[in-house]
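J.: Quick one: the structure is below, questions incoming.
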Amino acid sequence: MRLRRKNKSPAVLSHEFVIQNHADTASCLVMGLLLGVVFEVPAKYAIIFIAVQYNVTYTTDDNSEQFHFYDYGPKDIATIFFYMLVAINLHAVIQEYILDKINRRLHLSKTKHSKFNESGQLAFFYLFSFVWGASILNAEEFMVNPASLWKDYPHSRMLFQVKFFYICQIAYWLHALPELYFQKIRKEDIPRQLCYICLYIAHISGAYILNLQHLGLILMVPHYLVELIFHASRLFYFSDENKQKGFTIWALLFVMVRLLTLTLSVLTFGFGLARVENPGFSIADGNFNVLPVRIGCLGAICLTQAWMMWKFINFQLKKWREHVKNQIPKKKITNTKNKRTKKEPNRGQWHNIF
């Protein structure tokens with residue numbers, strides 16, 4: 001009898017070793033930075049990675065009340081890196097303890113397996129981000145007064161929740177780039193995922209750096225709701241192909257959110273910011289309210305929305321063509337059956353006998 005060979009562990013620092021142990025490596029780095037806060041010497045360096053930086057405190061004239069705001073700066077890169085590691089750990093936990101267990105029960109094909117994992121990860125993220133963003137909008141009442149999008153610009157002083165929300169958003173989408181390698185995404189899917197990941201990073205970082213946090217937050221929340229409905233519907237579709245009603249709701253809301261995004265963007269960049277009292281360009285003050293920047297931001301948003309609508313229309317046309325192709329053979333079968341029953345009524349009886 002031949003002895004069974006044991007599966008050899010991959011070589012250290014090889015591709016397979018990095019892929020299999022990337023979550024453990026990220027968790028070790030997170031724990032190392034957290035332990036650094038405990039000790040006095042490394043604490044002043046570790047705190048840059050963990051805590052939100054650039055705290056600015058304002059006091060009233062009688063010093064009876066203090067207001068805490070936050071600015072942005074180069075130290076935010078370290079904070080984003082830390083929460084990117086946290087996102088990698090959460091990604092691995094969701095994949096191993098939730099999505100992999102469901103995949104074993106569904107017995108999906110390789111293509112559906114990859115799409116199921118993608119939608120599962122994004123559904124968790126969109127749900128969390130939508131609830132968090134909606135709570136900020138409700139607390140700050142940004143939606144009640146649309147003039148707050150451009151009034152008192154630049155909005156260089158952020159509340160803690162707003163800044164931390166943007167830090168986590170940028171960190172999550174940055175973590176999605178190495179995950180394309182860690183999760184062994186198929187080569188056919190990499191260009192599509194890489195495209196929307198880069199678009200998210202560019203738009204969210206642009207809103208954060210250009211002090212357009214209010215506009216970015218209002219545009220992100222409904223967009224995340226639509227994406228949540230799509231990926232949740234996709235998950236239900238993989239479990240049961242008859243469950244397709246969610247895609248209809250997604251299609252209606254998708255068009256409405258695109259119109260809302262274009263309306264608010266034109267209103268903010270075309271009318272609001274153009275008429276504020278302090279136009280000008282000053283990096284020190286965080287003021288980027290000049291015509292080239294406004295045109296660039298509005299053009300980027302409009303091009304992105306047009307691209308998304310073009311992809312949406314092509315997707316709907318493809319589904320409609322597939323539906324028509326599936327209906328043609330069914331009509332032919334029913335027509336031939338009707339003709340046989342009319343012309344040869346007794347033939348069916350003999351076929352039943354034999």
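J.: What span do the alpha-carbon atoms of the range 29-185 cover on each of the three principal axes, reported in whole Å from largest to smallest?
T.: Here the spans come out as 67, 47, 23 Å, largest first.
J.: Further, regarding this structure: If you roll a 1.4 Å probe over the chain with all protein chains in place, what percent of the accessible area is carbon or sulfur? Display every interim value, and only then the final one.
T.: Numbers: 14540 of 22630 Å².
Carbon-and-sulfur percentage of accessible area, whole number: 64.
J.: Over the alpha-carbon set of the chain, divide Rg by the Kirkwood Rh and report the Rg/Rh ratio to two decimals.
T.: Details: Rg = 26.9 Å, Rh = 24.3 Å.
Answer for the chain: 1.10.
J.: Rounded to a whole number of µm²/s, how large is the Stokes-Einstein D of the range 243-331 at 37 °C and 0.692 mPa s, given Rh as the Kirkwood radius over C-alpha pairs? List each step's numbers first, then the result.
T.: Values: Rh = 16.2 Å.
The Stokes-Einstein estimate is 203 µm²/s.
J.: Let me check something: with ligands and nucleic acids excluded, how do Tyr200, Tyr72 order by accessible area (1.4 Å probe), largest to smallest?
T.: Values: Tyr200 30, Tyr72 55 Å².
Greatest to least solvent exposure: Tyr72, Tyr200.
J.: Let me ask something else about it. Could you grab the Rg to Rh ratio for the range 130-258? Cα atoms only, Kirkwood for Rh. Don't skip to the end; give the middle numbers.
T.: On the way: Rg = 16.8 Å, Rh = 16.5 Å.
Rg/Rh for the range 130-258 comes to 1.02.
J.: Counting only the heavy atoms of the protein chains, how much of Phe67 is accessible to a 1.4 Å probe, in Å² to the nearest 10?
T.: Solvent-accessible area, nearest 10 Å²: 80 Å².
J.: Separate question: Given the -39500 (n - 2.57) contribution per DSSP H run of 4+ residues, what per-residue ellipticity at 222 nm results for the chain, rounded to the nearest 500 deg cm²/dmol? Walk me through the numbers on the way to the answer.
T.: Details: 11 runs with 243 residues, N = 354.
Roughly -24000 deg cm²/dmol at 222 nm, from the helical runs in the chain.
J.: Report D for the range 74-152 in µm² per second (integer): Stokes-Einstein, Kirkwood Rh on Cα pairs, 25 °C, 0.890 mPa s. Show your work: numbers first, answer last.
T.: Details: Rh = 15.6 Å.
Rounded to a whole number, D works out at 157 µm²/s.
J.: Right, something else. Taking Cα centroids, how far is the range 138-198 from the range 227-281 in Å?
T.: About 14 Å separates the Cα centre of the range 138-198 from the one of the range 227-281.
J.: So for the range 153-229, considering every pair of alpha-carbon atoms, how many percent are separated by more than 19 Å? Let's see the in-between values first.
T.: Details: 1242 of 2926 pairs.
Within the range 153-229, distances greater than 19 Å cover 42 percent of Cα pairs.
J.: Once R0 is set to 41 Å, what does the formula 1/(1 + (r/R0)^6) return for the Cβ-Cβ distance between Leu267 and Ile98, expressed as a FRET efficiency to the nearest 0.05?
T.: 0.50
J.: Could you give me the percent of Cα pairs per 10 Å distance bin for the range 118-177, shortest bin first, beginning at zero and ending with the bin that holds the maximum distance?
T.: Reading upward from the zero bin: 18, 45, 28, 9, 0.
J.: Heavy-atom accessible area per residue, the chain, 1.4 Å probe: how many Å²? Don't jump to the answer; show the numbers that get you there.
T.: Details: 22630 Å² over 354 residues.
That works out to 64 Å² per residue.
J.: Could I ask something else about it? Beyond 25 Å between alpha-carbons counts as too far, so tell me which of Lys184/Lys245; Lys187/Lys245; Lys243/Lys318; Lys151/Lys311 fall in that bin. Walk me through the intermediate numbers first.
T.: Details: Lys184/Lys245 31 Å; Lys187/Lys245 31 Å; Lys243/Lys318 19 Å; Lys151/Lys311 35 Å.
Where the Cα-Cα span goes over 25 Å, the pairs concerned are Lys184/Lys245; Lys187/Lys245; Lys151/Lys311.
J.: Moving to a separate point now. Show me the helices of the chain, taken as full DSSP H stretches, that run 30 Å or more along their long axis by Cα and average -0.5 or above in Kyte-Doolittle hydropathy. Spell out each step's value before the answer.
T.: Numbers: long enough: 15-38 (34 Å, 1.02); 110-140 (45 Å, 0.01); 160-182 (33 Å, 0.78); 213-239 (38 Å, 0.93); 245-265 (31 Å, 1.54); 291-343 (77 Å, -0.62).
Helices meeting the span and hydropathy rule in the chain are 15-38, 110-140, 160-182, 213-239, 245-265.
The values are calculated or read from the model by the stated rules, or taken from the named source; none is laboratory data. Computed from a predicted structure; not experimentally measured. Glycine also receives a Cβ, built like all others from the backbone with ideal geometry; neighbour counts cover every protein chain displayed. Each accessible area value is taken on the protein alone, full model and side chains, heavy atoms only, with ligands, DNA and RNA left out. Shrake-Rupley method; radii C 1.70, N 1.55, O 1.52, S 1.80 Å.
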